[in-house]
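Student: Below you'll find the structure I mean.
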Amino acid sequence: MPASKFYITTPIYYVNDRPHIGHAYTTILADVLARYHRLLGAPTWFLTGADEHGQKVQQAAAKAGIAPREQADRTVVRFQELWKRLEITNDDFIRTTEPRHYEVVQEILQDLYDRGEIYRAEYDGWYDVSSETFVNERDLNLAPGESPSDRPNITRIRESNYFFRMSKYQDWLIRYIEEHPEFIQPDFRRNETLGFLRKPLNDLCVSRPKSRLAWGIELPFDRDFVCYVWFDALVNYISAVGYRRDEARFRRWWPVNYHLIGKDILTTHTVYWPTMLKAMGLPMPQCVFAHGWWLAGQTKMSKSLGNVVNPMEMIDRYGVDPFRYFLMAEMSLGQDAAFTEEAFIRRYNADLANDLGNLASRVLKMVRANCGGRLPEGPAAEPPEGPEGELWKNVRAAAEELERAVEGMRLDAGLARVAAAVRETNRYLELKQPWTLAKAEDPGPLRVTLYTAAEALRVVSALLYPVMPRKMIELRRALGLGSEPPRIEQAKQWGVLKAGTEIGAPEALFPRIVADTSAPEPAPAAPAPAPKPPPSAAPAAPPAEISYDDFMRVDLRTAKVLTAERVAGADKLLRLEIEVGAERRQIVAGIAKSYAPEELIGKTIIVVANLKPAKIRGLESRGMLLAVADGDRLRLLTADGGVPPGVRAK
Ligand code: MSP
């Protein structure tokens, strides 16, 4: 069922520096979600833009010896060019220096001021120059004897300013968040915001005196001040869809379905923004979804470490679509993920070159070689059974599961399911051996096999189109489907490909990358060896068979993580307290490199509950959690749906 409408936003990016992988990630994610919803038939609006005011941009301009506006004009095109290259289909791009935005900000400020929601007061306290925020001593966690001014970027200021009465909405906001679990996602981020709201909430300073920061939107009621950059920036989400300008348009799109953000800007989006909207009398966003960070291996990316991934370089080297695919398939939404070129190459070669590229090349070449370049006649009706029926069921299920995964913001899981359907189709070919069938007298079995594999490929091309639009259109053209975006309802229908259609012979879709030189190598010709699963999924030799009774000796149960913390002196270990049924236990797990403690709280995991207790670093561990290694990363096994703790797996 398509949603009645789908409005999605990315953060608007600071124009102090060129775009990096974090910006590219959020924007591609929004693009993929927007494209899926368009395919599903929902009217869709996808907004991105640039955050052009404030200290960061003023400082970058000063460093470059140019005016802030010049700085913004020069940098914004780098973002716009990147979005073009990445095939981003945003419907609008808002710049906060445009009159359609800043005039609306000024009207909102005036209105809130007139209604007493904004007031003037003397501020005497600490100020963090780098984040442009007022800070409490308490938040700085000072060592005994340390003064805030000992910290870099912290200075004492005393000045008159304007404040938004944010504090008066604190109780309302807590209740709202508690009553609307879908509002902040994932769940552990909601808990983080609620944790923040446990402390008293201050009013929000929404002005900066021009003497200190001139680059901003002037307060309409006091020309000596400009507006605080976050107050200005957040308004983009409504000014861009016609707030105070075009009521019908605004009502059509607002409230937004998803604000996609990075985890570092959670408070601004889940505390400042909802209280601002409340004061304006507007409905709340349906969901603020915070994704994790891309790390360079295990470490944070930062300019000073020189390990920031430049998306332009990656695209130049490997192409746009594989880059989009990697980012979407590799990051579990909400968690951090590691970006390494090795991981990129591994996944590319496994999913794209070996599995999908190889499948396409096998099917298309065999049709050209054995059927005069035209698609042969296949079964007229959906194959009910046998290898064809099994394959078709699998492919259809992949289409359904991807749809559910998109709705549940589990894109990586959805893509993994599609990759599994591709592997299944390769397995089908291994089973049917069309290269042998081609030598037989009766052309029937070969025709059925090639037609069925081509249908599977068609469905896959539709499912992956939002992630890899260009490559999938290339594939669809080769299948005689034209260049139009796929129609999603056809993804679950049998028999869309027409017998007799001329089949193209595209270049290798995904030439294999040879890891040591990074140079592309041609794809193997058909018939090709059986596709290999990615290395991490291949056990050396399968363990011996066991009976069900043997299996039932292992007490596998769901457990809820109540607390999690690092184990001092052990960089791989976390100490967890878990709830297993009515029981509370401690376990020690070697997952600290893959999960931050706060990500685990509230999660339902699977544990071996009857494993003999062990002492690890002096701590008793009663039970073992289950995880799989995906390259260097461990991923926890969890239970689908809201299963309570203590339920046995069988
Ligand atoms: N201008 C503000 C947003 C205002 S929205 C009303 C801002 N801009 S930003 O350019 O600094 O960052 C934009 C986004 O990039 C944030 O969501 C941030 O989380 C994300 N990322 C920055 N580095 C990142 C990674 N290494 N990985 C993933 N995303 C990260 O904040």
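Student: Could you tell me which of S361, N90, W253 has its Cα farthest along the dipole of the chain towards the positive end, charges placed at Cβ (Lys, Arg +1; Asp, Glu -1), taken about the Cα centre?
Tutor: S361
Student: Roughly to the nearest percent, how much of the accessible area of the chain is carbon and sulfur, given a 1.4 Å probe?
Tutor: Whole-percent figure for carbon plus sulfur exposure: 51.
Student: I'd like the trypsin sites (Lys or Arg not before Pro) in the range 1-71 restricted to DSSP loop residues with at most 16 other Cβ atoms within 10 Å, sorted by number.
Tutor: K5
Student: Along the positive direction of the dipole of the chain (beta-carbon charges: Lys, Arg +1; Asp, Glu -1; about the Cα centre), which of P434, G297, P144 reaches farthest?
Tutor: In the chain, that residue is P434.
Student: What does the accessible area per residue of the chain come to in Å², with a 1.4 Å probe and no ligands, DNA or RNA counted?
Tutor: Working: 28850 Å² over 650 residues.
Each residue of the chain exposes 44 Å² on average to a 1.4 Å probe.
Student: Could I ask something else about it? In the calculated pair distance distribution of the range 401-474, what percentage of Cα-Cα distances lie above 18 Å? Please report the intermediate quantities before stating the final value.
Tutor: On the way: 1343 of 2701 pairs.
In whole percent, the share of Cα-Cα pairs in the range 401-474 beyond 18 Å is 50.
Student: Can you give me the three principal axis dimensions of the chain from its C-alpha atoms, in Å, biggest first?
Tutor: The Cα atoms of the chain stretch 93, 60, 46 Å along the principal axes, largest first.
Student: Further, regarding this structure: Looking only at Cα atoms, what is the convex hull volume of the range 31-70 per residue, in Å³?
Tutor: Here the figure is 91 Å³ per residue.
Student: Still on this structure, please answer the following. From the cross-link list K84/K498; K168/K300; K303/K560; K560/K593, which pairs have alpha carbons spaced over 28 Å apart?
Tutor: The pairs that break the limit, which is 28 Å between Cα atoms, are K84/K498; K168/K300; K303/K560.
Student: Let me ask something else about it. What are the semi-axes of the equivalent ellipsoid of the range 349-492, taken as the square roots of 5 times the eigenvalues of the Cα gyration tensor, listed largest first and rounded to whole Å?
Tutor: Values for the range 349-492, descending: 25, 16, 14 Å.
Student: Under a point-charge model restricted to the Cβ atoms of Lys and Arg (+1) and Asp and Glu (-1), what is the dipole moment magnitude of the chain relative to its Cα centre, in debye to the nearest 20?
Tutor: On the way: 85 positive and 85 negative charges, 108 e Å.
Value, rounded to 20: 520 debye.
Student: Oh, and also: Taking R0 as 45 Å, what FRET efficiency do you get between K63 and Y119 from their Cβ-Cβ distance, rounded to the nearest 0.05?
Tutor: For K63 and Y119, the calculated efficiency is 0.80.
Student: So how far, in whole Å, is the C-alpha centre of the range 254-330 from the one of the range 19-85?
Tutor: For the range 254-330 versus the range 19-85, the Cα centre distance is 11 Å.
Student: Another question, if that's okay. Say R0 is 41 Å: what FRET efficiency, to the nearest 0.05, do V514 and E178 get from their beta-carbon distance?
Tutor: Working: r = 54 Å, r/R0 = 1.32.
In this case the efficiency is close to 0.15.
Student: Still on this structure: Out of all DSSP beta bridges in the chain, what portion is antiparallel? Express it as a percent rounded to 5.
Tutor: Restricted to the chain, the bridges split so that about 70 percent are antiparallel.
Student: List the extent of the Cα atoms of the range 157-300 along each of their three principal axes, largest first, rounded to whole Å.
Tutor: 44, 42, 34
Student: What residues have an amide H closer than 5 Å to that of L295, excluding those fewer than 5 places away on the same chain, when H is modeled at 1.01 Å from N in the peptide plane?
Tutor: Distant-sequence amide H within range of L295: A337, A338, F339.
Student: Which shape class applies to the range 550-636: rounded if a/c is under 1.5, otherwise prolate when a/b exceeds b/c and oblate if not, where a ≥ b ≥ c are the square roots of the Cα gyration tensor eigenvalues?
Tutor: In terms of gyration-tensor shape, rounded.
Student: What's the Kirkwood radius of the range 218-293 in Å, using all Cα pairs?
Tutor: Every distinct Cα pair counted, the radius reaches 13.5 Å.
Student: What translational diffusion coefficient, to the nearest whole µm²/s, does the range 246-342 have by Stokes-Einstein, given a Kirkwood radius computed over alpha-carbon pairs, a temperature of 4 °C and 1.567 mPa s viscosity?
Tutor: For these conditions, the coefficient is 81 µm²/s.
Student: Sticking with the crude label model, points 7 Å out along Cα→Cβ, report the distance from E577 to K650 in nm, one decimal please.
Tutor: Each label point is offset 7 Å from its Cα along the Cβ direction, giving 3.2 nm.
Student: Where the only charges are on Cβ atoms (+1 Lys, Arg; -1 Asp, Glu), what is the dipole of the range 156-224 about its Cα centre, to the nearest 20 debye?
Tutor: Dipole magnitude for the range 156-224 comes out near 400 debye.
Student: Sorted by average packing, counted as other Cβ atoms within 10 angstrom per residue and highest first, what order do 292-302, 320-330 take?
Tutor: 320-330, 292-302
The values are calculated or read from the model by the stated rules, or taken from the named source; none is laboratory data. This one's a predicted model, so the numbers in the text were calculated from it and none came from an experiment. Ideal geometry is used to build each Cβ from the backbone, glycine not excepted, and the neighbour counts take in all protein chains shown. Ligands, DNA and RNA are stripped out before the accessible areas are found, and what is left, the full protein with its side chains, is counted by its heavy atoms. Shrake-Rupley method; radii C 1.70, N 1.55, O 1.52, S 1.80 Å.
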